[in-house]
Amino acid sequence: MSDEFILEVKNLKKYFLAGRPALFSRTEQYVHAVDDVDLQLRRGEVIALVGESGCGKSTLALTLMGLENATEGSIFFEGRDITHLTDRERKSTRQRIQMVFQDPYESLNPTQTIEEIVTEPLVVHGLAGDHGERQAHVVRALEDAGLKPAEEYMHRFPHQLSGGQRQRVVIASALVLEPHLLLADEPVSMLDVSIRAEIINLLADLRESRGISVIFITHDLGTVGYFADRVAVMYLGRIVEIGSMREVLTDPKHPYAQALLSVIPVPNPRLRRKRMILQGETPNPIELPVGCRFHPRCPVAMNICKESDPRLLPISETHRAACLLLAK
Ligand code: SF4
(Lines give C-alpha, C1' and ligand atoms only; values in the text may rest on other atoms or scores of the structure.)
Protein backbone atom coordinates (compact mmCIF):
# COMPACT_ATOMS: atom_id res chain seq x y z
CA MET A 1 0.00 0.00 0.00
CA SER A 2 1.24 3.46 -0.88
CA ASP A 3 2.17 5.83 1.96
CA GLU A 4 0.66 8.66 -0.07
CA PHE A 5 -2.83 7.41 0.74
CA ILE A 6 -4.33 7.38 4.20
CA LEU A 7 -7.30 5.33 3.01
CA GLU A 8 -7.64 2.82 0.17
CA VAL A 9 -10.96 1.12 -0.48
CA LYS A 10 -11.20 -1.67 -3.05
CA ASN A 11 -14.33 -3.30 -4.45
CA LEU A 12 -16.18 -2.59 -1.22
CA LYS A 13 -19.68 -4.03 -0.91
CA LYS A 14 -22.18 -3.78 1.89
CA TYR A 15 -25.40 -5.71 1.40
CA PHE A 16 -28.21 -6.01 3.94
CA LEU A 17 -30.47 -9.05 4.02
CA ALA A 18 -33.95 -7.82 3.08
CA GLY A 19 -35.84 -11.13 3.39
CA ARG A 20 -37.35 -13.53 0.87
CA PRO A 21 -39.60 -12.66 -2.07
CA ALA A 22 -42.24 -15.22 -0.95
CA LEU A 23 -42.96 -17.13 2.26
CA PHE A 24 -41.40 -20.47 1.24
CA SER A 25 -38.88 -19.13 -1.24
CA ARG A 26 -35.27 -20.25 -0.83
CA THR A 27 -33.97 -17.13 -2.50
CA GLU A 28 -32.72 -14.37 -0.26
CA GLN A 29 -32.96 -10.76 -1.30
CA TYR A 30 -30.40 -8.13 -0.44
CA VAL A 31 -30.33 -4.35 -0.34
CA HIS A 32 -27.24 -3.34 -2.31
CA ALA A 33 -26.39 -0.33 -0.17
CA VAL A 34 -22.73 -0.09 -1.20
CA ASP A 35 -21.90 -1.97 -4.37
CA ASP A 36 -18.33 -2.24 -5.56
CA VAL A 37 -16.83 1.04 -4.42
CA ASP A 38 -13.18 1.96 -5.05
CA LEU A 39 -11.82 5.06 -3.35
CA GLN A 40 -8.41 6.45 -2.44
CA LEU A 41 -7.90 9.36 -0.08
CA ARG A 42 -4.55 11.17 0.22
CA ARG A 43 -3.17 12.42 3.52
CA GLY A 44 -4.65 15.85 4.26
CA GLU A 45 -7.09 15.57 1.36
CA VAL A 46 -10.81 16.44 1.50
CA ILE A 47 -13.20 14.41 -0.63
CA ALA A 48 -16.84 15.38 -0.87
CA LEU A 49 -19.09 12.35 -1.27
CA VAL A 50 -22.27 13.57 -2.93
CA GLY A 51 -25.55 11.92 -3.79
CA GLU A 52 -29.25 11.93 -3.01
CA SER A 53 -30.72 10.27 0.11
CA GLY A 54 -30.48 6.49 0.02
CA CYS A 55 -27.57 6.34 -2.45
CA GLY A 56 -25.38 4.54 0.12
CA LYS A 57 -23.03 7.33 1.17
CA SER A 58 -23.82 7.06 4.90
CA THR A 59 -23.58 3.25 4.79
CA LEU A 60 -20.20 3.62 3.14
CA ALA A 61 -19.06 5.89 6.01
CA LEU A 62 -20.39 3.47 8.65
CA THR A 63 -18.57 0.59 6.94
CA LEU A 64 -15.31 2.58 6.82
CA MET A 65 -15.77 3.36 10.50
CA GLY A 66 -16.30 -0.33 11.29
CA LEU A 67 -19.84 0.21 12.56
CA GLU A 68 -21.06 -2.03 9.74
CA ASN A 69 -19.22 -5.16 8.55
CA ALA A 70 -18.19 -5.19 4.91
CA THR A 71 -19.83 -7.89 2.79
CA GLU A 72 -16.90 -8.01 0.34
CA GLY A 73 -13.86 -5.99 -0.61
CA SER A 74 -11.14 -4.38 1.47
CA ILE A 75 -10.41 -1.23 3.45
CA PHE A 76 -6.81 -0.20 4.11
CA PHE A 77 -6.21 2.59 6.61
CA GLU A 78 -2.66 3.93 7.02
CA GLY A 79 -1.40 0.85 5.20
CA ARG A 80 -3.21 -1.64 7.43
CA ASP A 81 -6.08 -3.87 6.40
CA ILE A 82 -8.95 -2.90 8.73
CA THR A 83 -11.75 -4.66 6.83
CA HIS A 84 -12.38 -7.34 9.43
CA LEU A 85 -11.04 -6.51 12.89
CA THR A 86 -11.81 -7.82 16.35
CA ASP A 87 -13.49 -5.41 18.78
CA ARG A 88 -10.18 -4.76 20.53
CA GLU A 89 -8.33 -4.04 17.27
CA ARG A 90 -11.22 -1.86 16.14
CA LYS A 91 -10.96 0.31 19.25
CA SER A 92 -7.43 1.47 18.45
CA THR A 93 -8.43 2.21 14.84
CA ARG A 94 -11.46 4.23 15.97
CA GLN A 95 -9.17 6.58 17.79
CA ARG A 96 -7.68 7.55 14.41
CA ILE A 97 -10.96 7.57 12.44
CA GLN A 98 -13.70 9.69 13.91
CA MET A 99 -17.18 10.48 12.73
CA VAL A 100 -19.15 13.72 12.92
CA PHE A 101 -22.85 13.01 12.74
CA GLN A 102 -25.58 15.05 11.15
CA ASP A 103 -27.73 15.93 14.11
CA PRO A 104 -26.07 17.90 16.92
CA TYR A 105 -29.36 17.80 18.84
CA GLU A 106 -29.47 13.99 18.98
CA SER A 107 -25.78 13.18 19.25
CA LEU A 108 -25.14 15.02 22.55
CA ASN A 109 -26.26 13.62 25.91
CA PRO A 110 -28.49 16.37 27.39
CA THR A 111 -27.65 15.36 30.99
CA GLN A 112 -23.88 15.83 30.61
CA THR A 113 -21.90 19.07 30.69
CA ILE A 114 -19.81 19.97 27.65
CA GLU A 115 -16.67 19.05 29.60
CA GLU A 116 -18.07 15.59 30.41
CA ILE A 117 -19.15 15.04 26.80
CA VAL A 118 -15.73 15.90 25.36
CA THR A 119 -13.87 13.98 28.11
CA GLU A 120 -15.83 10.76 27.51
CA PRO A 121 -13.92 9.58 24.40
CA LEU A 122 -10.65 9.92 26.36
CA VAL A 123 -12.06 7.77 29.16
CA VAL A 124 -13.43 5.14 26.75
CA HIS A 125 -10.04 4.86 25.04
CA GLY A 126 -8.10 4.91 28.34
CA LEU A 127 -6.12 8.01 27.38
CA ALA A 128 -4.77 10.96 29.34
CA GLY A 129 -4.47 9.70 32.91
CA ASP A 130 -4.83 12.51 35.43
CA HIS A 131 -7.49 15.19 35.62
CA GLY A 132 -5.18 18.06 34.62
CA GLU A 133 -3.94 16.24 31.53
CA ARG A 134 -7.47 15.30 30.49
CA GLN A 135 -8.68 18.84 30.95
CA ALA A 136 -5.82 20.20 28.83
CA HIS A 137 -6.89 17.90 25.96
CA VAL A 138 -10.52 18.99 26.33
CA VAL A 139 -9.61 22.70 26.35
CA ARG A 140 -7.49 22.29 23.21
CA ALA A 141 -10.22 20.34 21.41
CA LEU A 142 -12.92 22.88 22.29
CA GLU A 143 -10.76 25.84 21.27
CA ASP A 144 -9.70 24.15 18.01
CA ALA A 145 -13.41 23.62 17.35
CA GLY A 146 -13.93 27.38 17.75
CA LEU A 147 -15.39 27.46 21.29
CA LYS A 148 -13.08 30.07 22.84
CA PRO A 149 -12.34 30.54 25.66
CA ALA A 150 -13.14 26.90 26.44
CA GLU A 151 -13.77 27.67 30.14
CA GLU A 152 -16.83 29.66 29.09
CA TYR A 153 -18.50 26.54 27.62
CA MET A 154 -17.20 23.60 29.67
CA HIS A 155 -19.76 23.82 32.46
CA ARG A 156 -22.76 24.43 30.24
CA PHE A 157 -25.28 21.81 29.06
CA PRO A 158 -26.14 21.21 25.38
CA HIS A 159 -29.53 22.99 25.67
CA GLN A 160 -27.66 26.18 26.65
CA LEU A 161 -25.88 26.28 23.28
CA SER A 162 -26.97 27.26 19.78
CA GLY A 163 -27.16 24.67 16.96
CA GLY A 164 -23.80 25.78 15.54
CA GLN A 165 -22.14 25.64 18.97
CA ARG A 166 -23.51 22.13 19.52
CA GLN A 167 -22.04 20.98 16.22
CA ARG A 168 -18.71 22.46 17.34
CA VAL A 169 -18.98 20.35 20.54
CA VAL A 170 -19.59 17.26 18.36
CA ILE A 171 -16.46 18.15 16.35
CA ALA A 172 -14.48 18.75 19.58
CA SER A 173 -15.50 15.26 20.81
CA ALA A 174 -13.97 13.85 17.64
CA LEU A 175 -10.85 16.06 17.80
CA VAL A 176 -10.02 15.19 21.38
CA LEU A 177 -8.74 11.79 20.18
CA GLU A 178 -6.49 13.51 17.61
CA PRO A 179 -7.86 11.59 14.61
CA HIS A 180 -6.14 11.40 11.24
CA LEU A 181 -9.41 10.94 9.32
CA LEU A 182 -12.78 12.61 9.89
CA LEU A 183 -15.93 11.17 8.36
CA ALA A 184 -18.37 14.07 8.41
CA ASP A 185 -21.86 12.80 7.60
CA GLU A 186 -24.04 15.74 6.50
CA PRO A 187 -22.47 17.89 9.25
CA VAL A 188 -24.27 21.08 8.23
CA SER A 189 -27.62 19.89 6.92
CA MET A 190 -29.43 20.46 10.26
CA LEU A 191 -27.99 23.93 10.73
CA ASP A 192 -29.24 27.34 9.66
CA VAL A 193 -27.83 28.51 6.35
CA SER A 194 -25.99 31.36 8.13
CA ILE A 195 -24.05 28.87 10.30
CA ARG A 196 -23.22 26.32 7.60
CA ALA A 197 -20.34 28.33 6.17
CA GLU A 198 -18.85 28.70 9.67
CA ILE A 199 -18.75 24.92 10.22
CA ILE A 200 -17.36 24.28 6.74
CA ASN A 201 -14.67 26.93 7.33
CA LEU A 202 -13.87 25.25 10.64
CA LEU A 203 -13.34 21.88 8.91
CA ALA A 204 -11.16 23.62 6.32
CA ASP A 205 -9.06 25.20 9.11
CA LEU A 206 -8.67 21.83 10.84
CA ARG A 207 -7.39 20.30 7.63
CA GLU A 208 -4.76 23.06 7.49
CA SER A 209 -3.80 23.16 11.18
CA ARG A 210 -3.93 19.44 11.99
CA GLY A 211 -3.45 17.87 8.56
CA ILE A 212 -6.65 15.85 8.99
CA SER A 213 -8.09 14.07 5.96
CA VAL A 214 -11.85 14.50 5.59
CA ILE A 215 -14.63 12.65 3.80
CA PHE A 216 -17.44 15.18 3.69
CA ILE A 217 -20.78 13.53 2.97
CA THR A 218 -23.55 15.69 1.59
CA HIS A 219 -26.62 15.59 -0.63
CA ASP A 220 -25.99 19.21 -1.59
CA LEU A 221 -23.33 19.74 -4.25
CA GLY A 222 -23.62 23.48 -3.62
CA THR A 223 -21.89 23.24 -0.22
CA VAL A 224 -18.77 21.34 -1.33
CA GLY A 225 -17.21 23.98 -3.54
CA TYR A 226 -15.88 25.73 -0.44
CA PHE A 227 -13.13 23.35 0.49
CA ALA A 228 -13.17 19.89 -1.14
CA ASP A 229 -10.17 18.85 -3.24
CA ARG A 230 -12.13 16.16 -5.05
CA VAL A 231 -15.76 15.26 -5.48
CA ALA A 232 -17.14 11.72 -5.73
CA VAL A 233 -20.72 11.42 -6.97
CA MET A 234 -22.60 8.36 -5.76
CA TYR A 235 -25.74 6.83 -7.23
CA LEU A 236 -27.45 3.65 -6.04
CA GLY A 237 -24.46 2.25 -4.17
CA ARG A 238 -21.79 3.15 -6.73
CA ILE A 239 -19.46 6.05 -7.42
CA VAL A 240 -20.44 7.16 -10.91
CA GLU A 241 -18.00 10.05 -11.21
CA ILE A 242 -14.93 11.23 -9.33
CA GLY A 243 -12.65 14.11 -10.14
CA SER A 244 -11.15 17.34 -8.89
CA MET A 245 -13.68 19.72 -7.39
CA ARG A 246 -13.12 22.13 -10.26
CA GLU A 247 -13.55 19.44 -12.96
CA VAL A 248 -16.76 18.05 -11.50
CA LEU A 249 -18.32 21.41 -10.69
CA THR A 250 -17.48 23.04 -14.01
CA ASP A 251 -17.63 20.09 -16.41
CA PRO A 252 -19.46 17.08 -14.94
CA LYS A 253 -19.28 14.05 -17.23
CA HIS A 254 -21.96 11.68 -15.96
CA PRO A 255 -25.59 12.63 -16.69
CA TYR A 256 -26.48 12.12 -13.03
CA ALA A 257 -23.74 14.54 -11.92
CA GLN A 258 -24.90 16.97 -14.62
CA ALA A 259 -28.45 16.78 -13.29
CA LEU A 260 -27.32 17.35 -9.68
CA LEU A 261 -25.30 20.38 -10.71
CA SER A 262 -27.96 21.85 -12.92
CA VAL A 263 -30.28 22.48 -9.97
CA ILE A 264 -27.76 24.29 -7.76
CA PRO A 265 -28.85 27.92 -7.42
CA VAL A 266 -26.32 30.24 -9.13
CA PRO A 267 -26.61 33.99 -8.41
CA ASN A 268 -25.12 35.07 -11.75
CA PRO A 269 -27.80 34.46 -14.44
CA ARG A 270 -25.12 34.20 -17.16
CA LEU A 271 -23.55 31.19 -15.39
CA ARG A 272 -26.83 29.37 -14.89
CA ARG A 273 -27.13 25.93 -16.48
CA LYS A 274 -30.17 24.46 -18.16
CA ARG A 275 -32.01 22.57 -15.44
CA MET A 276 -32.10 18.79 -15.87
CA ILE A 277 -34.98 17.40 -13.85
CA LEU A 278 -34.69 13.64 -13.50
CA GLN A 279 -37.87 11.70 -14.09
CA GLY A 280 -39.05 8.91 -11.81
CA GLU A 281 -37.82 7.61 -8.50
CA THR A 282 -34.51 6.01 -7.62
CA PRO A 283 -34.91 2.27 -8.38
CA ASN A 284 -35.34 -0.24 -5.58
CA PRO A 285 -31.84 -1.17 -4.31
CA ILE A 286 -33.08 -4.77 -3.88
CA GLU A 287 -33.99 -5.26 -7.53
CA LEU A 288 -31.44 -3.23 -9.41
CA PRO A 289 -32.08 -2.41 -13.07
CA VAL A 290 -30.20 -4.54 -15.60
CA GLY A 291 -27.55 -2.68 -17.55
CA CYS A 292 -26.65 0.80 -16.40
CA ARG A 293 -28.47 1.24 -13.12
CA PHE A 294 -29.15 4.87 -13.98
CA HIS A 295 -30.92 4.06 -17.26
CA PRO A 296 -34.56 4.30 -16.02
CA ARG A 297 -33.94 7.98 -15.16
CA CYS A 298 -31.22 8.93 -17.60
CA PRO A 299 -32.34 11.65 -20.04
CA VAL A 300 -29.86 10.40 -22.67
CA ALA A 301 -30.21 6.63 -22.23
CA MET A 302 -29.74 4.41 -25.30
CA ASN A 303 -31.02 0.92 -25.89
CA ILE A 304 -27.69 -0.65 -25.03
CA CYS A 305 -27.87 1.02 -21.60
CA LYS A 306 -30.74 -1.34 -20.75
CA GLU A 307 -28.58 -4.40 -21.41
CA SER A 308 -25.01 -3.67 -20.38
CA ASP A 309 -23.30 -1.95 -17.52
CA PRO A 310 -21.02 0.58 -19.25
CA ARG A 311 -18.29 -0.03 -16.65
CA LEU A 312 -18.04 -3.66 -17.71
CA LEU A 313 -18.19 -3.23 -21.48
CA PRO A 314 -15.06 -3.08 -23.63
CA ILE A 315 -16.86 -0.35 -25.57
CA SER A 316 -17.49 1.71 -22.47
CA GLU A 317 -15.29 4.61 -23.58
CA THR A 318 -17.12 4.88 -26.91
CA HIS A 319 -20.40 4.51 -25.16
CA ARG A 320 -19.40 7.11 -22.63
CA ALA A 321 -18.31 9.55 -25.30
CA ALA A 322 -21.61 9.04 -27.13
CA CYS A 323 -23.54 9.48 -23.90
CA LEU A 324 -21.75 12.75 -23.22
CA LEU A 325 -22.27 14.08 -26.71
CA LEU A 326 -25.96 13.42 -26.40
CA ALA A 327 -26.02 15.10 -23.03
CA LYS A 328 -24.63 18.41 -24.34
FE1 SF4 B 1 -26.05 5.15 -18.10
FE2 SF4 B 1 -26.52 5.09 -20.70
FE3 SF4 B 1 -27.21 7.24 -19.29
FE4 SF4 B 1 -24.62 6.72 -19.79
S5 SF4 B 1 -26.25 7.20 -21.31
S6 SF4 B 1 -25.53 7.27 -17.83
S7 SF4 B 1 -24.63 4.47 -19.68
S8 SF4 B 1 -28.07 5.20 -19.08
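Tell me which strands (runs of 3 or more DSSP E) are completely within the range 199-267 and hold 1 or more residues being among the aromatic types (Phe, Trp, Tyr), or say none if there are none.
Once the strands (runs of 3 or more DSSP E) in the range 199-267 are filtered for at least 1 residues that are among the aromatic types (Phe, Trp, Tyr), what remains is 213-218, 230-235.
Filter the range 1-24 for residues that are among the charged types (D, E, K, R) and modelled with pLDDT of 95 or more and give the result. Show your work before the answer.
Taking the range 1-24 as the starting set, the residues that turn out to be among the charged types (D, E, K, R) are 3-4, 8, 10, 13-14, 20.
Once the filter is applied, which keeps residues that are among the charged types (D, E, K, R) and modelled with pLDDT of 95 or more, the range 1-24 yields Glu8, Lys10, Lys13, Lys14.
Would it be correct to say that Leu260 is modelled with pLDDT under 90, surrounded by 21 or more Cβ atoms within 10 Å (Cβ to Cβ) and within 16 Å of the ligand (Cβ to nearest atom)? Walk me through it before giving the result.
On the way: modelled with pLDDT under 90: yes; surrounded by 21 or more Cβ atoms within 10 Å (Cβ to Cβ): yes; within 16 Å of the ligand (Cβ to nearest atom): yes.
Spelling it out, Leu260 is indeed modelled with pLDDT under 90, surrounded by 21 or more Cβ atoms within 10 Å (Cβ to Cβ) and within 16 Å of the ligand (Cβ to nearest atom).
Quick one: is Tyr30 under 30 Å from Thr223 (Cβ atoms), hydroxyl-bearing (Ser, Thr, Tyr) and more than 13 Å from the chain's Cα centre (by Cα)?
Working: under 30 Å from Thr223 (Cβ atoms): no; hydroxyl-bearing (Ser, Thr, Tyr): yes; more than 13 Å from the chain's Cα centre (by Cα): yes.
Criteria not met by Tyr30.
Only one residue in Tyr15, Tyr30 is hydroxyl-bearing (Ser, Thr, Tyr), surrounded by fewer than 21 Cβ atoms within 10 Å (Cβ to Cβ) and in contact (Cβ under 8 Å) with a residue 60 or more places away in the chain, so which one is that?
Numbers: Tyr15 fails: in contact (Cβ under 8 Å) with a residue 60 or more places away in the chain.
Within the list Tyr15, Tyr30, the selection yields Tyr30.
Check off (1) out of contact with any Ser or Thr (no Cβ under 9 Å at 6 or more places or on another chain); (2) assigned to a helix (DSSP H, G or I); (3) in contact (Cβ under 8 Å) with a residue 12 or more places away in the chain; (4) within 24 Å of Met65 (Cβ to Cβ) for Leu183 and give me the number that stays unchecked.
(2)
Considering only the range 199-243, state which residues are buried (at least 16 other Cβ atoms within 10 Å of the Cβ) and charged (D, E, K, R).
Arg207, Asp229, Arg230, Arg238, Glu241
Working carefully through the options Leu17, Leu49, Leu64, find the one that is farther than 30 Å from Leu191 by Cβ and either of a type in the set (A, V, I, L, M) or assigned to a loop (DSSP other than H, G, I, E, B) (or both).
Numbers: Leu49 fails: farther than 30 Å from Leu191 by Cβ; Leu64 fails: farther than 30 Å from Leu191 by Cβ.
Step by step, each of Leu17, Leu49, Leu64 is checked, and only Leu17 is farther than 30 Å from Leu191 by Cβ and either of a type in the set (A, V, I, L, M) or assigned to a loop (DSSP other than H, G, I, E, B) (or both).
Within the range 79-102, track down each residue that is crowded, with 17+ Cβ neighbours inside 10 Å and in a loop (DSSP other than H, G, I, E, B).
Ile82, Thr83, Leu85, Phe101, Gln102 - these are the residues of the range 79-102 that are crowded, with 17+ Cβ neighbours inside 10 Å and in a loop (DSSP other than H, G, I, E, B).
Looking at the range 81-94 only, could you name the residues that are farther than 19 Å from His125 by Cα and either among the aliphatic types (A, V, I, L, M) or in contact (Cβ under 8 Å) with a residue 12 or more places away in the chain (or both)?
From the range 81-94, those farther than 19 Å from His125 by Cα are 81, 83-84; that's our starting set.
Answer for the range 81-94, where residues must be farther than 19 Å from His125 by Cα and either among the aliphatic types (A, V, I, L, M) or in contact (Cβ under 8 Å) with a residue 12 or more places away in the chain (or both): Thr83, His84.
Answer with yes or no whether Arg320 is near the ligand (Cβ under 8 Å from one of its atoms), at pLDDT below 75 and either farther than 28 Å from Thr63 by Cβ or assigned to a helix (DSSP H, G or I) (or both). Steps first, please.
Details: near the ligand (Cβ under 8 Å from one of its atoms): yes; at pLDDT below 75: yes; either farther than 28 Å from Thr63 by Cβ or assigned to a helix (DSSP H, G or I) (or both): yes.
So Arg320 passes the test.
The values are calculated or read from the model by the stated rules, or taken from the named source; none is laboratory data. Since the model is a prediction, treat every value here as computed from it, not as a measurement. For neighbour counting, all protein chains shown are included, and Cβ atoms are generated from backbone atoms with ideal geometry for every residue, glycine included.
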